[in-house]
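The values are calculated or read from the model by the stated rules, or taken from the named source; none is laboratory data. Model, not experiment: these values are computed from the prediction. Cβ atoms come from the backbone with ideal geometry, glycine included; neighbour counts cover every protein chain shown.
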Amino acid sequence: MRFFLIAAALATLTLAGCGKPSQALPETEKDAYERIISGQKMECEHGLDANGNCLKAGADPRPYGGTSKPGH
């Protein structure tokens, strides 16, 4: 019982002491992430994809370009 309490206390201190986890983002998505977090609106002519990036003209926002994977 004593070992369990010591282990729980150490786990709590370790988790509390590590701080807030940071989001690992690719360089191409950092600008969009910062805009969304700061409350700015994304101005994209053709909409946003699932990652928050602006779509190019004629691009399909659905994964795999809107076509199903072969065999599914």
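Worth a mention:
- Any hit, the stretch 45-53, residues being loosely packed, with under 10 Cβ neighbours inside 10 Å, modelled with pLDDT of 80 or more and either small (G, A, S) or touching a Ser or Thr at 6+ places or on another chain (Cβ under 7 Å) (or both): no
- Residues satisfying the stated conditions in the stretch 13-36, i.e. modelled with pLDDT of 80 or more and exposed (fewer than 10 other Cβ atoms within 10 Å of the Cβ): T14
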